[in-house]
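Novice: Structure provided below as structure tokens; questions to follow.
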Amino acid sequence: MATYIVTGGTGFLGRHTIERLLERDPSAQVHVLVRPGSLSKLERLARTWNSGDRVHALVGDLTEPGLGLEAAPPAAEHVLHLGAIYDLTAGEEQASTNIDGTRAVIDLAARVGATLHHVSSIAVAGDHRGRFTEDDFDLGQHFLTPYHRTKFEAERLVRTSDVPWRVYRPAAVVGSSVTGEMDKIDGPYYLFPALAALAKLPSALPVAVPKLGYTNVVPVDFVSAAIVELMLRPGLDGRTFHLVSPDAQPVRAIYAALAKAAHAPTPVADLPGALARPLVEPPTRVRGVRDVALRRMGIPPVILDHLTLPTRFTTDRTREALQDSGISVPPFPSYAAKLWSYWRENLDPDRARRNDPAGPLVNRNVVITGASSGIGRAAAIATASKGGTVLLLARRVDELDAVVSQIHEAGGSAHAYQCDITDSEAVERTVKSILADHDHVDMLVNNAGRSIRRGLYHSTDRLHDFERTMAVNYFGAVRMVLALLPHMRERRFGHVVDISTAGVQARTPRFAAYVASKAALDAFADVAAIETLSDGITFTTIHMPLVETPMIAPTGRYNAGRAVSAEKAAAMVVRALIEKPKRIDVPVGTLAEFGGIFAPRLKDRALSQMYHAFPDSPAARGEAGPVPELPPQPSDRAPQPTGPTASAARFARRLTRLIPGTHW
């Protein structure tokens, strides 16, 4: 029975290597150095491995003195040192892990009497130009990043130590050649989004690619298999092995293989490398400009700086040691499609933006506030009918449950959350529950609203009307946006639909509190849309006409104009969720907005006429009496004006028929 101590065992290369070791050595007992915070991760991984019960936690930390071991390490035949920061973009802070951690692992190997198997990197070659053999180490090369330097210094410690050692130098490690699995965006993966953008062009489009030079990438399954095989072979102490592709890998060939997998234009001709050299190796005076542009694209400039290698690595010793094992580097084109497919489904930072092939709302999680009745209820039903999962918020839980039941009966997906959006703690608690239950939110419909129809002369002692309206219509909606914004930014996708009113465009009299609150929300959305656009978060404002809902019932007979059904309003919401326009307006709002721009005084006179023709309701005047209902038939609606006002109203209605609603 052999005993192994492994550092970095929960990392990407580490877990592949441990899995291979368990398969290759049926008697292996593997003790993994793991920080206390990563214990649960190791336990989850062990459950996925065959014979995972032979994996044991050794609690400690590479950056602590003496590895911070909480218990004495077991005697072991092998110490496999995988723990390091593998990141070209990291700074000098990685020295404590890569250098000091290696020093502590050397002491551990000496303490337990084990052979040290050190996983280094081809980065030790620095900027060396030309051939670099497995015996080469210090050839006077320079190191352009802290990562290169720390890997060199760590390997120097191993090579000059008194413990038996073997060193493994992998090239850039990419995903599995079998499954495509990768755990993070690193190295060449930073360039995948640019390739995805090219994939939007016709694949038959001929392109020419500059001859930039050569790179070297190897799949994780090859690296892990080779490490385990070389660990277990006797008589190899004091030797170094290059785990690299033995064949030249031109950047052009790597691009061609990935472009074919992505259905992007493939190269049909070469361009002189000098044409692209200013981008890869820019003069100092323009480097800052290039770096800013790259960062905006999500590409660390250091990645482009090291896109090509000046070094050619020999593999004679490695191929000789592995010649009868069946382990070799597969050609990159043979697994490029697997890398691309896995990245697209699991790592693409913009994957949340892609619609399901079954429909744009299928499997989208849509939060709708004020969903217990009116527009919110109708929008929830309509969204669920399109395949969306609707997450319904309102204060009245019984009515919410009724909506959820109706959606379930129709075969849709819906969940109710009781929430008062004027309460910050309630919103925070509800958003946490939603994310815990459903993992993510794709879209938010700010529908919850409060309307008050009361003239200013009857509002002089009712400032609270304005405050309460603003609390729901503006602050409540903003509170929901702010609660979900960090989550949407992390996913690089989100869409917010704000239910506003055509009254914002018309400045409808007697609705000062309501119109002001919605105008504030419109302005907030306009600013937010600018700040969040680069993160894939978009906003749609719907300037709704009068909608036949319980909210307008108290002043139904005193509202001017024809009310549309809640179902028609819901169709506008669904349109906003699917097409994501900047705004959706209706003809009456467009006419009012144009009037305010080109004939503001005439507009004021027309609305003043309407103000006098449609008086405050008895309730607004503070008079007792029954609350009027909103009648379903046009003939029973608000008292129709006569005389000049009637003519003006008829003219306005005819004119609005000629003006389409705007949608862009």
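The values are calculated or read from the model by the stated rules, or taken from the named source; none is laboratory data. Treat the numbers as computed from the prediction; the structure is a model and nothing was measured. All Cβ positions, glycine included, derive from the backbone under ideal geometry; neighbour counts span all protein chains shown.
Novice: Any residue in region 580-597 that is buried (at least 17 other Cβ atoms within 10 Å of the Cβ), modelled with pLDDT under 80 and in contact with an Asp or Glu (Cβ under 7 Å, 6 or more places away or on another chain)?
Specialist: no
Novice: Can you tell which of 448, 426 is aliphatic (A, V, I, L, M), within 18 Å of residue 482 (Cα to Cα) and surrounded by 20 or more Cβ atoms within 10 Å (Cβ to Cβ)?
Specialist: 448
Novice: Still on this structure, I have one more. Cβ-Cβ under 6 Å, sequence separation 6+ or interchain: first residue in region 61-89 and without any contact (Cβ under 8 Å) to a residue 24 or more places away in the chain, partner of a type in the set (D, E, K, R) and part of a loop (DSSP other than H, G, I, E, B). Which pairs?
Specialist: Going by the 6 Å Cβ cut-off, the qualifying pairs are 68/61.
Novice: Which numbered condition trips up residue 515, out of (1) at pLDDT below 95; (2) β-branched (Val, Ile, Thr); (3) within 16 Å of residue 378 (Cα to Cα)?
Specialist: Failing condition for residue 515: (3).
Novice: Now for a different question. Going by what's in this entry, would residue 143 be described as modelled with pLDDT of 95 or more, farther than 23 Å from residue 73 by Cα and of a type in the set (Phe, Trp, Tyr)?
Specialist: No, not satisfied.
Novice: Count, please, the residues in region 223-258 that happen to be aliphatic (A, V, I, L, M), modelled with pLDDT under 95 and in contact with a Ser or Thr (Cβ under 7 Å, 6 or more places away or on another chain).
Specialist: The number of residues fulfilling the criteria is 3.
Novice: Now a separate question. Could you tell me which residue of region 459-516 is surrounded by the fewest Cβ atoms within 10 Å (Cβ to Cβ), considering only residues that are within 24 Å of residue 350 (Cβ to Cβ) and of a type in the set (Gly, Ala, Ser)?
Specialist: 483
Novice: Working only within region 379-438, note down all residues that are in a helix (DSSP H, G or I), charged (D, E, K, R) and farther than 25 Å from residue 571 by Cβ.
Specialist: Listed by number, the residues that qualify are 398, 425, 428, 429, 432, 437.
Novice: I'm checking my understanding of the structure. Among residues of region 1-45 that are of a type in the set (Gly, Ala, Ser) and under 20 Å from residue 220 (Cα atoms), which one is surrounded by the most Cβ atoms within 10 Å (Cβ to Cβ)?
Specialist: 9
Novice: Identify all residues within region 94-121 that are small (Gly, Ala, Ser) and part of a helix (DSSP H, G or I); write none if there are none.
Specialist: Answer for region 94-121, where residues must be small (Gly, Ala, Ser) and part of a helix (DSSP H, G or I): 95, 96, 101, 104, 109, 110.
Novice: So, in region 61-92, how many residues would count as being within 23 Å of residue 167 (Cβ to Cβ) and either among the β-branched types (Val, Ile, Thr) or crowded, with 18+ Cβ neighbours inside 10 Å (or both)?
Specialist: 15
A quick yes/no check of all residues on (1) closer than 22 Å to residue 313 by Cα; (2) at pLDDT below 95; (3) among the aliphatic types (A, V, I, L, M):
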{"residue": "96", "(1), (2), (3)": "no, yes, no"}
{"residue": "119", "(1), (2), (3)": "yes, no, yes"}
{"residue": "134", "(1), (2), (3)": "yes, no, no"}
{"residue": "151", "(1), (2), (3)": "yes, no, no"}
{"residue": "163", "(1), (2), (3)": "no, no, yes"}
{"residue": "175", "(1), (2), (3)": "yes, no, no"}
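Novice: Just for region 260-287: of the residues that are among the small types (Gly, Ala, Ser) and within 16 Å of residue 211 (Cβ to Cβ), which one is modelled with the highest pLDDT?
Specialist: Filtering region 260-287 for residues that are among the small types (Gly, Ala, Ser) and within 16 Å of residue 211 (Cβ to Cβ), the one modelled with the highest pLDDT comes out as 269.
Novice: Considering only region 153-191, how many residues are touching a Gly at 6+ places or on another chain (Cβ under 7 Å) and free of Cβ contacts under 8 Å to residues at least 60 places away in the same chain?
Specialist: Count: 1.
Novice: Among the residues of region 386-398, how many are surrounded by fewer than 16 Cβ atoms within 10 Å (Cβ to Cβ) and either in contact (Cβ under 8 Å) with a residue 12 or more places away in the chain or within 22 Å of residue 542 (Cβ to Cβ) (or both)?
Specialist: Within region 386-398, residues that are surrounded by fewer than 16 Cβ atoms within 10 Å (Cβ to Cβ) and either in contact (Cβ under 8 Å) with a residue 12 or more places away in the chain or within 22 Å of residue 542 (Cβ to Cβ) (or both) number 2.
Novice: For residue 167, which of the numbered conditions (1) β-branched (Val, Ile, Thr); (2) in a helix (DSSP H, G or I); (3) under 29 Å from residue 213 (Cα atoms) fails to hold?
Specialist: (2)
Novice: Tell me the residue from 352, 337, 321 that is outside the structural domain of residue 195 (by TED's automatic domain parsing), in contact (Cβ under 8 Å) with a residue 40 or more places away in the chain and among the aliphatic types (A, V, I, L, M), please.
Specialist: Just a single option satisfies the conditions, and that option is 352.
Novice: Next question. For the subset of region 213-229 comprising residues that are surrounded by 21 or more Cβ atoms within 10 Å (Cβ to Cβ) and aliphatic (A, V, I, L, M), which member is nearest to residue 270 (Cα to Cα)?
Specialist: Here the answer is 218.
Novice: Out of the residues in region 429-438 meeting the condition of being in contact (Cβ under 8 Å) with a residue 24 or more places away in the chain and surrounded by fewer than 17 Cβ atoms within 10 Å (Cβ to Cβ), tell me which one is farthest from residue 479 (Cα to Cα).
Specialist: Across region 429-438, the extreme among qualifying residues is 438.
Novice: Oh, and also: When the residues of region 311-345 are filtered to those that are in a loop (DSSP other than H, G, I, E, B) and in contact with a His (Cβ under 7 Å, 6 or more places away or on another chain), which remaining residue is surrounded by the most Cβ atoms within 10 Å (Cβ to Cβ)?
Specialist: Here the residue is 315.
Novice: Restricting attention to region 529-543, does a residue exist that is within 18 Å of residue 376 (Cα to Cα), in contact with a Ser or Thr (Cβ under 8 Å, 6 or more places away or on another chain) and surrounded by fewer than 17 Cβ atoms within 10 Å (Cβ to Cβ)?
Specialist: The answer is no, given that none of the residues of region 529-543 is within 18 Å of residue 376 (Cα to Cα), in contact with a Ser or Thr (Cβ under 8 Å, 6 or more places away or on another chain) and surrounded by fewer than 17 Cβ atoms within 10 Å (Cβ to Cβ).
Novice: Something else about it: From 201, 212, 205, 195, grab the single residue that is of a type in the set (A, V, I, L, M, F, W, C) and over 22 Å from residue 337 (Cα atoms).
Specialist: Selected residue: 212, the only one of 201, 212, 205, 195 that is of a type in the set (A, V, I, L, M, F, W, C) and over 22 Å from residue 337 (Cα atoms).
Novice: Follow-up question, since we're still on this one. Taking the condition of being under 33 Å from the mean Cα position of the chain (by Cα) and assigned to a loop (DSSP other than H, G, I, E, B), how many residues in region 439-488 meet it?
Specialist: Within region 439-488, residues that are under 33 Å from the mean Cα position of the chain (by Cα) and assigned to a loop (DSSP other than H, G, I, E, B) number 7.
Novice: For region 519-543, which residues satisfy the criterion of being aromatic (Phe, Trp, Tyr) and more than 17 Å from residue 577 (Cα to Cα)?
Specialist: 524
Novice: Go through region 106-144 and count every residue that is touching a Ser or Thr at 6+ places or on another chain (Cβ under 6 Å) and not acidic (Asp, Glu).
Specialist: Number of matching residues: 5.
Novice: Across region 346-360, what is the total count of residues that are among the basic types (Lys, Arg) and over 8 Å from the mean Cα position of the chain (by Cα)?
Specialist: The qualifying residues number 2.
Novice: Hey, could you check region 140-164 for residues that are among the small types (Gly, Ala, Ser) and assigned to a loop (DSSP other than H, G, I, E, B) and say which is farthest from residue 321 (Cα to Cα)?
Specialist: Residue satisfying both the conditions and the ranking: 140.
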